[in-house]
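> Below is the structure I would like to discuss, written out as structure tokens.
The values are calculated or read from the model by the stated rules, or taken from the named source; none is laboratory data. A quick note: this is a predicted structure, and the numbers were derived from the prediction, not measured. A quick note on method: Cβ atoms are made from the backbone with ideal geometry, for glycine too, and the neighbour counts reach across all protein chains shown.
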Amino acid sequence: MSFNIIGTGSAYPESSKTNDELSLRIATSDEWISTRTGIKSRHIITDGSLSDLAAEAAARALKDSGTLAQDLDLIICATVRGDTLTPSLACLVQKKLAATCPAFDVNAACTGFIYALDVALGYLARNKAKKILVVAAEAMSKLVDWNDRSTCVLFGDGAGAVVLSQGDGLLSIKISASGDENLLRIDSAAGNCPFSEDSPVNPYLQMNGKEVYKFAVAAMCGDLAEMIQEAGLTQEDIDFVLPHQANLRIIETAKGKLGISAEKYRSNIEHFGNTSSASIPILLDELNRAGEFKKGQVLALTAFGGGLTTGACVIKWTKETKSKGNDKNDI
Ligand code: ACO
């Protein structure tokens, strides 16, 4: 037994900032950002909290699945950092939904959604849960240094969610980690303990973009090929590839190597930037609501990120197809 995705939802801040708007504040240009990344604009939280967004995405996924919050057995949130270190983001979402089940966070940076799916699989497979809500939500705008043009232009804020039930839709899944604090890191704030000699830290995201780029392409290609094979399928059997939305050029490079037809790849990075762990479930929800998926079609998901972490899975779509363009993302 594995799981079926029975509902999807997403939410993002109303406020959207274009590349041109960023270029009024830092030395950059629409031309540099779009040609190197494919990003044109990103949503940024200007008021409200990340847990509000996460709860909104969750409520939409619950509605799409026809599940009541009270019937959930577990809530798992993927996030780099929620509104508070404790309570966890998952506990804040649980409260906002008036759910009563256990709730906890998973932090695997941009790979967090796939990690959370794998954790959920464990609970469903050993019959500890029948319905699980997985929410990935990130406020990357609060984690980047807005004076560092090489990173702040890349990221955006948002939340995506799925409701999982016991089923046979998940065909294969893998997660991996190779600990490395040099290529991508966000330091915790230094404490003020009078007995230690902590030096001040840079609290913002630091990244070696070129090295992460190489790592990302290799991870996408290796993990996807492995998971397709483990599912007993070939590249031709895949109907959709939903890659982590970090950089369109990473996706384009991987496309050339993987042998899956180019038209099967989906992307929305143009209007979202990199929303870290939320990027895949936001894209998934967008496609579900647009009526793109047909029952029985096969989706391949792949992600990489800080840690360094990677993850990929192959999922058979088991929901009835929505009528195209008819389903608004309302609660
Ligand atoms: N606007 C204008 N110029 C810029 C900007 C900017 N926003 N940022 C950097 N530059 C300049 C640099 O200063 C450099 O100038 P120089 O040649 O005079 O020194 C030049 O542009 C080239 O910079 P590079 O860093 O070499 O640019 P590159 O082509 O490698 O692209 C990028 C950078 C887009 C970050 C790319 O390396 C990349 O996408 N890497 C992967 C990043 C990624 O996927 N991150 C997500 C990780 S997931 C997670 O867990 C967070």
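> Starting from segment 106-127, take each residue that is without any contact (Cβ under 8 Å) to a residue 12 or more places away in the chain and under 19 Å from ILE5 (Cβ atoms) and list its partners that are outside any helix (DSSP H, G or I) and of a type in the set (D, E, K, R), counting only C-beta distances under 9 angstrom and pairs at least six apart or across chains.
As it stands, the answer is GLY122/LYS128, since those pairs meet every condition given.
> Would you say SER178 is more than 20 Å from THR318 (Cα to Cα), of a type outside the set (Lys, Arg), surrounded by fewer than 21 Cβ atoms within 10 Å (Cβ to Cβ) and at pLDDT 95 or above?
Here the answer is yes, as SER178 does meet what is asked.
> Of all residues in segment 75-88, which are aliphatic (A, V, I, L, M) and within 21 Å of LEU284 (Cα to Cα)?
Across segment 75-88, the qualifying residues are ILE75, ILE76, ALA78, VAL80.
Results for (1) under 19 Å from ASP157 (Cα atoms); (2) in contact with a Gly (Cβ under 9 Å, 6 or more places away or on another chain), shown as yes or no for each residue.
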| position | (1), (2) |
| --- | --- |
| MET1 | no, yes |
| ILE5 | no, yes |
| GLU21 | yes, no |
| SER29 | no, no |
| TRP32 | no, no |
| THR46 | yes, no |
| ALA55 | yes, no |
| ALA59 | yes, yes |
| LEU62 | no, yes |
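> To continue, here is another question. Scan segment 254-273 and tell me whether some residue there is in contact with a Ser or Thr (Cβ under 7 Å, 6 or more places away or on another chain), buried (at least 24 other Cβ atoms within 10 Å of the Cβ), at pLDDT 95 or above and of a type in the set (Gly, Ala, Ser).
There is no residue in segment 254-273 that is in contact with a Ser or Thr (Cβ under 7 Å, 6 or more places away or on another chain), buried (at least 24 other Cβ atoms within 10 Å of the Cβ), at pLDDT 95 or above and of a type in the set (Gly, Ala, Ser).
> I would also like to ask the following. Take segment 227-244 and flag every residue that is touching a Gly at 6+ places or on another chain (Cβ under 8 Å) and closer than 19 Å to ARG42 by Cα.
HIS244
> Counting only residues that are hydrophobic (A, V, I, L, M, F, W, C) and in a loop (DSSP other than H, G, I, E, B), which one in segment 140-158 is farthest from the ligand (Cβ to nearest atom)?
TRP146
> Could you list, in sequence order, the residues of segment 227-277 that are part of a helix (DSSP H, G or I), of a type outside the set (Val, Ile, Thr) and without any contact (Cβ under 8 Å) to a residue 60 or more places away in the chain?
Selection gives GLN229, GLN235, GLU236, GLU252, ALA254, LYS255, GLY256, LYS257, LEU258, ALA262, GLU263, LYS264.
> Evaluate segment 305-316: report whether one residue or more is surrounded by fewer than 19 Cβ atoms within 10 Å (Cβ to Cβ) and in a loop (DSSP other than H, G, I, E, B).
No, because not a single residue in segment 305-316 is surrounded by fewer than 19 Cβ atoms within 10 Å (Cβ to Cβ) and in a loop (DSSP other than H, G, I, E, B).
> Among the residues of segment 14-72, count how many are within 21 Å of GLN245 (Cα to Cα), over 19 Å from the mean Cα position of the chain (by Cα), of a type outside the set (S, T, N, Q) and within 11 Å of the ligand (Cβ to nearest atom).
The total comes to 6.
> Moving on to the next point. Show me the strands (runs of 3 or more DSSP E) found entirely inside segment 1-75 where at least 1 residues are of a type outside the set (A, V, I, L, M, F, W, C) and under 21 Å from GLN94 (Cα atoms).
2-11
> Inside segment 76-103, can you point out the residues that are of a type in the set (Gly, Ala, Ser) and either touching a residue at least 60 places away in the same chain (Cβ under 8 Å) or part of a helix (DSSP H, G or I) (or both)?
ALA78, ALA90, listed by residue number.
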